[in-house]
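**Student:** What follows is a single structure, and I will ask about it in a moment.
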Amino acid sequence: MEDYADSDNEYYYDDADEDDDDRDSLNLIHVVNNNVSLTQGTGSSIKVIRRDSLRAAQTEDLRRIMDLLSLKEHHARTLLIHYRWDVEKILAVLVERGKDKLYVEAGVRVIEHAKNPCSSSSFLQCDICIEDRPANKFTTMDCGHYFCNDCWTEHFIVRINEGQSRRVKCMAHRCNAICDDGKIRNLVSMRDYAAAEKFDRFLLESYIDDNKRVKWCPSVPHCGNAIRVEEDDYFEVECACGHQFCFGCSSEAHSPCSCLMWELWLKKCQDESETVNWITSHTKPCPKCHKHVEKNGGCNLVVCVCGQAFCWLCGGATGREHTWSSIAGHSCGRFKEDDLQKAERAKTEWHRYIHYHNRYKAHTDSYKLEAKLEETIQEKISSLEDRDTTSKDFSWVTNGLYRLFRSRRILSYSYPFAYYMFGDELFSNEMAKVEREIKKNLFEDQQQQLEANIEKLSMCLEEPFHTLEDDKVSETRMRIITMTTIVDNLCRKMYECIEGDLLGPLERTIHIIAPYRSKGLEKASELSDWRNQSNTSDRNASSNGVKGSNESSTGLVLNQIESGCSSRKRARAESSSLGLNQVESGCSSSKHANADFEDRFFDLNLPADI
């Protein structure tokens, strides 16, 4: 029995260990046969995954890996969980390192026609409990190690209860192989059915929890949906339930703030709350454990619960010996010029924060109040429709209203962005003082223009235009359309300024924001069932004379990546494709795997045979 190299607690693949060009390696593969591909389909790049479609979404990726590498279902799942359900990464490692390295790192052991030790003897000794048992009471994993079913079951239940059941390793010493989830399910269900159900749920939800392209919708109360993106991590998306959030940090949509800026701003606002103000006024942090200590006596020598003594006046650590007038080895009563300068800087920073926070809060409140305009606007539209007017198209009203909502939100978040962009907390070493002041003035000019035109648009929408004459309604219509276009252009220019002039030249830090979308956040569309897509593609293939998918199982997946290659990379692709053919030469024919797959739908609740 061959053991794997020990990798301790490394369960998942870490992208930081690889070069940045690993993902681009697939672009070097040129595949001639492009009749059929395993693409995700056209349409929206954001999909909503409901509870009833989660299994189908997971099976879609399982199917691609099984067809590509001619693997069993549990082997494909082990690979995908290790590489965090990144199919492109698996293909890149396959090309760069080869199949053997790909399998070893993920803990996959594929043995063709391996001899089962349990079939050669009627009784065997378990190396865990050191007891002799009948051979039919033993289970052998893909790595070749075998133990009694009782020891396996205890091992599996412990791992499940610890929440580490997505990658259960073999019990053998220094064996890094991952156990067959079908065998795990079969053994555990015979003793603890609840644990088996928990195991199934962990495997199913791994597609969301371990997948960087999929995240739960953070709505409260939770809608139960998950969102999958296909292209970019820096999306702001809208779930089918209507909740809008940033896909990068799962917070509310906060563009043009970066995720780090928004996180710092929320903490900053929370720190200025009344509760924190009371804690700041009545407590001091311990210099050792940093817990807040409240003074309950007159002595300025305070002792924390951790045992550290410190001075209440300055917060510095001291010894325990003291008199009525002094503390041994400590003096904080002398005036220092640095303390005065620090106080002035703190005062200036406080006024600066108040400036940005007041404007952020004012526009946020305006956004909430203007949300009530939607009902009023509908009443105005209904009143105009009841009149005998020449025009029955009032989309200019709703377009102006939604433009007001989107631009007001952008304007409110631009103030936290400006607070950190032109402050010393994040970019103190990125810009000289003169350069920062120039960029700050230019950005504030754009802010003021946007703010003025948003207020004009809001004023136009609040007018009682449904009571005006037709010619006056036409004038209002032109004003709203004009203001809508102006506000849209100003928002776009602000994003161009942020991305190109402010964040683009940064060298020491990287801040990426969600792109500006004139029509609002992209709404997630329903995930279509891959089985329907497969049946449709099979019918199209048969009508075009395509004989089978096994002839180009590798090319089907890689054609999806090949379409984005540049002409330079395509020129290099022919040489790289030879390496892939050498990798695939060790595989058994995929015809049988494809035939088995077409006849069944993977059900995680069905135990595999032992």
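The values are calculated or read from the model by the stated rules, or taken from the named source; none is laboratory data. Given the structure is predicted, the values throughout are model-derived calculations rather than measurements. Here the Cβ positions follow ideal geometry from the backbone for every residue, glycine too, while neighbour counts run over all protein chains shown. Accessible surface areas use protein heavy atoms only, side chains included; no ligands, DNA or RNA. Shrake-Rupley method; radii C 1.70, N 1.55, O 1.52, S 1.80 Å.
**Student:** Determine if segment 277-294 includes at least one residue that is modelled with pLDDT of 75 or more, of a type outside the set (Asp, Glu) and touching a Gly at 6+ places or on another chain (Cβ under 6 Å).
**Tutor:** First pass over segment 277-294, keeping only residues modelled with pLDDT of 75 or more: 282-294.
Remaining after also requiring of a type outside the set (Asp, Glu): 282-293.
Checking which are touching a Gly at 6+ places or on another chain (Cβ under 6 Å) leaves us with 284.
Yes: one or more hits.
**Student:** Kindly establish whether residue 458 is part of a loop (DSSP other than H, G, I, E, B), in contact with a helix residue (DSSP H, G or I) (Cβ under 7 Å, 6 or more places away or on another chain) and either open to solvent by 20 Å² or more (accessible area, probe 1.4 Å) or among the hydroxyl-bearing types (Ser, Thr, Tyr) (or both).
**Tutor:** Working: part of a loop (DSSP other than H, G, I, E, B): no; in contact with a helix residue (DSSP H, G or I) (Cβ under 7 Å, 6 or more places away or on another chain): yes; either open to solvent by 20 Å² or more (accessible area, probe 1.4 Å) or among the hydroxyl-bearing types (Ser, Thr, Tyr) (or both): yes.
Criteria not met by residue 458.
The rows are residues; the columns are (1) closer than 26 Å to residue 399 by Cα; (2) open to solvent by 60 Å² or more (accessible area, probe 1.4 Å); (3) part of a loop (DSSP other than H, G, I, E, B).
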{"residue": "436", "(1), (2), (3)": "no, no, no"}
{"residue": "478", "(1), (2), (3)": "yes, yes, no"}
{"residue": "482", "(1), (2), (3)": "yes, yes, no"}
{"residue": "488", "(1), (2), (3)": "yes, no, no"}
{"residue": "504", "(1), (2), (3)": "no, no, yes"}
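**Student:** Let me ask you something else. With the structure loaded, tell me whether residue 78 is closer than 24 Å to residue 227 by Cβ, of a type in the set (S, T, N, Q) and within 26 Å of the chain's Cα centre (by Cα) or whether it fails that test. Walk me through it before giving the result.
**Tutor:** Values: closer than 24 Å to residue 227 by Cβ: no; of a type in the set (S, T, N, Q): yes; within 26 Å of the chain's Cα centre (by Cα): yes.
In short, no.
**Student:** Follow-up. Quick check: anything in segment 390-400 in a loop (DSSP other than H, G, I, E, B) and open to solvent by less than 60 Å² (accessible area, probe 1.4 Å)? Steps first, answer last, please.
**Tutor:** Residues of segment 390-400 in a loop (DSSP other than H, G, I, E, B): 390-394.
With open to solvent by less than 60 Å² (accessible area, probe 1.4 Å) added as a condition, the list becomes 391, 394.
Looking for residues that are in a loop (DSSP other than H, G, I, E, B) and open to solvent by less than 60 Å² (accessible area, probe 1.4 Å), one finds at least one in segment 390-400, hence yes.
**Student:** List pairs: first in segment 423-436 and free of Cβ contacts under 8 Å to residues at least 24 places away in the same chain, second open to solvent by less than 60 Å² (accessible area, probe 1.4 Å), Cβ under 9 Å, 6+ apart or cross-chain?
**Tutor:** Pairs found: 431/422; 431/439; 431/506; 436/421; 436/422; 436/427; 436/430.
**Student:** What number of residues in segment 506-528 are open to solvent by less than 40 Å² (accessible area, probe 1.4 Å) and either basic (Lys, Arg) or within 16 Å of residue 435 (Cβ to Cβ) (or both)?
**Tutor:** Qualifying residue count, segment 506-528: 1.
**Student:** Identify the single condition in (1) within 29 Å of residue 413 (Cβ to Cβ); (2) modelled with pLDDT of 90 or more; (3) more than 18 Å from the chain's Cα centre (by Cα) that residue 221 does not satisfy, given that it satisfies every other one.
**Tutor:** Here residue 221 clears every test but (2).
**Student:** Sticking with this structure for a sec: Any residue in segment 400-420 that is touching a residue at least 40 places away in the same chain (Cβ under 8 Å) sitting within a Cβ distance under 7 Å of a residue that is surrounded by fewer than 21 Cβ atoms within 10 Å (Cβ to Cβ) and β-branched (Val, Ile, Thr)? List the pairs, counting only those 6 or more apart or interchain.
**Tutor:** Listed pairs, sorted by first residue: 401/377; 412/364.
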